[in-house]
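Q: Please find one structure pasted underneath; my questions will follow.
The values are calculated or read from the model by the stated rules, or taken from the named source; none is laboratory data. Being a predicted model, the structure only gives us computed values, none of them experimental. No Cβ is skipped: glycine too gets one built from the backbone with ideal geometry, and neighbour counts run over all protein chains shown. The protein model used for the area step is the full one, side chains on, heavy atoms only, and it has no ligands, DNA or RNA in it. Shrake-Rupley method; radii C 1.70, N 1.55, O 1.52, S 1.80 Å.
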Amino acid sequence: MSKHRFAAAQRHRGEHIAEWTIRIVASTSILTIFLIFVFVFRETTTLFSPDAQNIPSSSATAEEILTPELYNADALTAEEAHELNIPEVYNPETGTLGEPEPIALGGPELPRSSTKQVAERSVWNRLTDAAWQPVSSDPKFGIMPLLVGTAKTTFLAILLGAPLGILAAMYSAFFAPARVRNVLKPTIELLAGFPSVVIGFFCLTIVATLMQDLLGTEARLNAIVGGIGLSITVIPIVFSIAEESLSAVPKSLREASLALGGTEWQTAYRVMLPAAAPGVFAAVLLGIGRAFGETMIAIMATGNAPMLTAGIADPVRTVAATIGAEMGEVVWGSDHYGVLFLLGTILFVVSFGLNAITELYVKQRLIRKFQGQ
Amino acid sequence: MAKEHPVKVRTSDFSVYYGQKQALFNIGIDIFDRKVTAFIGPSGCGKSTFLRSINRMNDLIDGTRCSGKLEVDGIDVYGKEVDVVTLRRSIGMVFQKSIPFPKSIYENITYGLTLTEKRSKDELDHIVETSLKRAALWEEVKDRLTHSAQGLSGGQQQRLCIARAVAVNPEILLMDEPCSALDPISTGKVEELITELKDTYTIVLVTHNMQQAARVSDYTGFFLMGKLIEFDRTRSIFTAPSKKETEDYITGRFG
Amino acid sequence: MKTLASTTTSKKRLLGFFAVLVTVVAVVAIIGLLISMFGTFVVQGSGQLSWTFLTEAPRNNNTEGGIFPAIFGTTILVLLMTLLGVPVGTATAIYLSEYARQSAAFARAVRFAVNTLAGVPSIVFGLFGVGFFIQFVGGGIDNVTAGAVFGKPALLWASATLAVLTLPVVIVSVEEALRAVPRELREASLALGATKWQTITKVVLPNSVSGILTGSILAVGRGAGEVAAILFVGVVYSLERLPSSVTDQFMHLGYHLYVLSTQSPDVEKTLPLQYATTLVLLGLTFVLNFSAIYVRSRLRRI
Ligand SMILES: Nc1ncnc2c1ncn2[C@@H]1O[C@H](COP(=O)(O)OP(=O)(O)OP(=O)(O)O)[C@@H](O)[C@H]1O
Ligand SMILES: [Mg+2]
């Protein structure tokens, strides 16, 4: 067939280029997720090579990359701290944390004389140690204390934040007059606008003092203070998502319940809340994801002691805080460095998993639930 | 019916599906060149679907398929070689809810013109004036061409949209309930306009207003539940419909 | 019989009262928390706040003087971040709103990735910055050029890391804005023979400028307060001079506050400085957030 007058014009090449450019750029997000996994995981590969132990902490770059001069002359060095068997960065008197290692001069981790004996125990064995003492002649990379610390603070944060967020969401979605709701929602969501370093600072100065006065805890900074701090970030997330899913419950459901003689509050608690359960569940899951990966609040408010204890009034150290506190001083390429990236990989995998559950499972449930009716 | 005019749009056995749902069933119709063809029928019967099939606006909706033939000037519109953009340039469309672009009146008219080629200011000025005159809007807006088109009244906005469509000099003008949001005076103006424009364009008009169809169209098609029940000269349809359903609809017994 | 009925109803009423009351208590608690946070920082911080504090460099190991270098560093950081992130975010939003078939696997994958990205802890972005931007990209450039310029922490890599971190914020608000453009406008443009790309650039984007602005502002607000992600990719606690190139290191308000409040030799002494720094940081983020809310509310009204 010959070309007719509706046949494509030349200019459409540009159109294709535009569309494909957009598509390729749009794949950035997918690519990034992939790259995050690859490159965070890649840095752990030092742990897999047999002679990983012997990477010298040499080179100008190692020094250059150090976070700048920090003044911490009074603090104990990490090693001294370990010998005295007190948490390495926690300073009970001021309630502040020192650096794991004052790093005024030279590399933070000079090759130790004992490197050879140390090499006999592989890093993998060290991961199951009962203690986290990464900077020592016989380093212990026990992640258990960190995991327990993370679990404690996350649990407390959810225990506090989730009910507050959900109840406030119920008030906003069911009981509040429209005018109040219009103001309330953005106001509560302001909480999400606080930088976490500011929340951490608030906990460090105000909440810590308040809790110590109130509970008489031995350590000023501890899992409770950290949990409260983290709950401040959990509240707006849980509130927003729960509010959204509560408001999305079909009106017909509410009317049916009211018509059957249920009161407003019975309807809210017994009909609407269960109907929105998958959404509320998703809200809590995302709250968990936020709390356990949060770094600055954890670093500033938990006391940072990687101790394996059961008490919630004890200072703790979370996984994220460990990376935040130690990455700046570590020798790039060392075992310690690899283990920190391993911790990062754990954080990434867990957050990915939580998100996948909410995306694939919870949303499907919600869709099926409301369409099934 | 006699075919004294050349055919502009011809369909045969043309069906449209939205996903699983079939919206049009085996439509066969001849739309004549430079005549006004009106489509009437109850809501949801497929009038808009048919109209939007002619310039392939339905392509924009995910999951739409069609079968059968739809030809413009003997060219299969859904054929492989057809480029929708080129096709749409020769088929203007006026929508029920026509919002002008949030630009000036002048830019609204020149929008379609500047898409493909650069034109001189004089040429643009000239086309803007003639298009607005054709749309019977020139006198009302000639002093505020640079003002935002959103400041116009509803009726003026609709005429601006007609001017906008006319400016690119199409051969067919599709109008989907162009007057349904207008007051009677504006409606009168648009109807007048349609009668004038049919000397130049083949006009296909969807309307819910039977009087309007009777007033302005030469041919009328009656749709019901996705089927073209009857198609004939407007006079015949309104005076002596051959189908029972058409008569029922026209006399207001349903719909 | 009658008494029984009345006790159950009054019991029920009491229960109902409490059921509503707890929700009100939760709201009051949250609002109280908000007010106490704002209140603390405004009351404690405003005393120290002065013009010199904002415009001077720190003195005496950061225990005196101002925080100008930190304000400067934060500003440059988020500007660079916007430059890098907003185009990518906007393009992704254009794909999702204009090109993607909602059922397409690729579109679903993009959405999933965006949501996942939003949930990745910021410290992981920090590690990503080290592993990917500094070591891989920067180190790669240095290898090729045989230099030692890019393979180390720098403003550029911190901005890039933050750009990735704030990508979901940009995508979500720009997509919302694109979807708010009436379908009729797109159809009118297409019906006039405009191509899809012409429709996007001439009709859709001009009508979503405020949405792109909202997205950028929100991203800046998020990025300005973010500390964990930049800890290892270029931030420093003190500087000899202001950064003059993207490969320099920089000071940052949030990091300044972090170090000042946890690692300076005399935390008590610098407490007023800490509060004032917090107030500046809060001021910055909330001015940004409020302007985003304002721009967005104007957008919704159209
Ligand atoms: N985008 C769509 N997706 C699915 N079904 C659609 C879509 N658009 C229209 N339909 C269905 O196709 C049928 C015909 O719709 P159409 O809009 O063509 O009717 P109409 O005759 O123009 O009605 P009206 O007079 O109300 O404008 C209807 O049943 C409608 O529900
Ligand atoms: Mg219609």
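Q: Sorting B:Asp59, B:Asp176 by accessible area (1.4 Å probe), largest first, what list results?
A: Greatest to least solvent exposure: B:Asp59, B:Asp176.
Q: With a 1.4 Å probe and every protein chain left in place, work out the accessible area per residue of region B:7-250 in Å², rounded to a whole number.
A: Per residue, region B:7-250 has an accessible area of 41 Å².
Q: Continuing with the same structure: Based on the Cβ-Cβ distance of C:Glu240 and A:Leu215, what FRET efficiency does E = 1/(1 + (r/R0)^6) give at R0 = 41 Å, to the nearest 0.05?
A: Efficiency computed from Cβ-Cβ geometry: 0.35.
Q: List, by residue number, every residue in region C:166-184 with a reduction of 50 Å² or greater in accessible area between the chain on its own and the complete protein assembly, 1.4 Å probe.
A: Buried-area filter returns C:Glu184.
Q: In the full protein assembly as shown, how much of C:Asp266 is accessible to a 1.4 Å probe, in Å² to the nearest 10?
A: Here the residue's solvent-accessible area equals roughly 70 Å².
Q: Using θ = phi - 60° and the Karplus relation 6.51 cos²θ - 1.76 cosθ + 1.60, list the HN-Hα couplings for region C:144-156 in order, rounded to whole Hz, with x at every Gly or Pro.
A: 5, 8, 6, x, 9, 10, 9, x, 8, x, 7, 3, 4
Q: If I take every Cα pair under 8 Å that is 6 or more residues apart in region B:7-250, average their sequence separation and divide by the length, what percent do I get for the relative contact order?
A: Relative contact order for region B:7-250 comes out at 29 percent.
Q: If you don't mind, another one. Which of the residues in region B:159-192 show a loss of at least 30 Å² in accessible area from their chain by itself to the complete set of protein chains, at a probe of 1.4 Å?
A: Residues meeting the cut-off: B:Arg164.
Q: Going by Cα centres, region A:241-286 and region C:227-302 are how many Å apart?
A: With region A:241-286 and region C:227-302 each reduced to a Cα centre, they are spaced 40 Å.
Q: Let me ask another. How large a share of the accessible area of region A:248-362, in percent, is made up of carbon and sulfur atoms when the probe is 1.4 Å and the other protein chains stay in place?
A: Reported share for carbon and sulfur atoms: 73 percent.
Q: Next question. For a paramagnetic label modelled at 7 Å from the Cα of B:Met225 toward its Cβ, which residues of region B:1-42 fall within the zone defined by backbone nitrogen distances under 20 Å?
A: B:13-28, B:40-42
Q: Given a 10 angstrom Cα cut-off, can you work out which residue in C:Gly73, C:Gly45, C:Gly140 is the most mobile in a GNM of chain C?
A: Its mean-square fluctuation being the largest, the pick is C:Gly140.
Q: What list of ³J(HN,Hα) couplings, whole Hz, do you get for region B:49-60 from phi and the Karplus terms 6.51, -1.76, 1.60, once you set θ to phi - 60° and write x for glycine and proline?
A: For region B:49-60, the Karplus curve yields 4, 5, 4, 6, 6, 5, 9, 6, 5, 5, 4, 6 Hz.
Q: Could you tell me the total accessible area buried at the C-A interface, probe 1.4 Å, in square angstrom to the nearest hundred?
A: 7600 Å²
Q: Over region C:35-121, with the other protein chains present, what is the accessible area per residue in square angstrom, probe 1.4 angstrom?
A: Ligands and nucleic acids excluded, the figure is 43 Å² per residue.
Q: Tell me the total accessible area that B and C bury against each other, 1.4 angstrom probe, in square angstrom rounded to 100.
A: Its buried surface, counting both partners, is about 1900 Å².
Q: Rounded to the nearest 0.05, what FRET efficiency do C:Val22 and B:Gln22 have when you use their Cβ-Cβ distance and R0 = 51 Å?
A: E between C:Val22 and B:Gln22, to the nearest 0.05, is 0.45.
Q: To continue, here is another question. Give the calculated FRET efficiency between A:Lys363 and A:Val183 to the nearest 0.05, with a Förster radius of 25 Å applied to their Cβ-Cβ distance.
A: 0.30
Q: Considering only protein heavy atoms, with the full assembly of protein chains and a 1.4 angstrom probe, order B:Cys66, B:Cys161 by accessible area, largest first.
A: Putting B:Cys66, B:Cys161 in descending order of accessible area: B:Cys66, B:Cys161.
Q: Moving on. For B:His208, B:His126, C:His256, give the ranking by accessible area with the largest first, probe 1.4 Å.
A: Greatest to least solvent exposure: B:His126, B:His208, C:His256.
Q: Multiply the residue gap between B:Ile75 and B:Thr130 by 0.36 nm, knock off their C-alpha separation, and tell me the result in nm, one decimal place.
A: My answer for the length gained is 16.8 nm.
Q: Now for a separate question. Which one of B:Ile54, B:Ile31, B:Ile229 has the biggest mean-square fluctuation once chain B is modelled by GNM with Cα springs under 10 Å?
A: Evaluated over chain B, the most mobile residue of the options is B:Ile229.
Q: Let me ask something else about it. Please report, as a whole percent, how much of the solvent-accessible surface of chain B comes from carbon and sulfur atoms (probe radius 1.4 Å).
A: Summing carbon and sulfur atoms, their accessible area is 48 percent of the total for chain B.
Q: Let me ask another. Accessible surface of C:Lys202 in the full protein assembly, 1.4 angstrom probe, to the nearest 10 Å²?
A: For C:Lys202, solvent-accessible area is about 70 Å².
Q: Answer rounded, prolate or oblate for chain C, using the Cα gyration tensor with square roots of eigenvalues a ≥ b ≥ c: rounded when a/c is under 1.5, else prolate when a/b is larger than b/c, else oblate.
A: The shape class here is oblate.
Q: Over chain C, what relative contact order in percent results from Cα pairs under 8 Å that are six or more residues apart?
A: Relative contact order, chain C: 26 percent.
Q: Just give the residues from region C:139-157 buried by at least 20 square angstrom of accessible area in the all-chains context relative to the isolated chain, probe 1.4 Å, and say none if nothing qualifies.
A: SASA drop of 20 Å² or more in region C:139-157: C:Lys152, C:Pro153.
Q: Put a dot 7 Å past each Cα toward the Cβ at B:Glu117 and A:Ile24; how far apart are the dots in nm?
A: Here the answer is 3.3 nm between the modelled labels.
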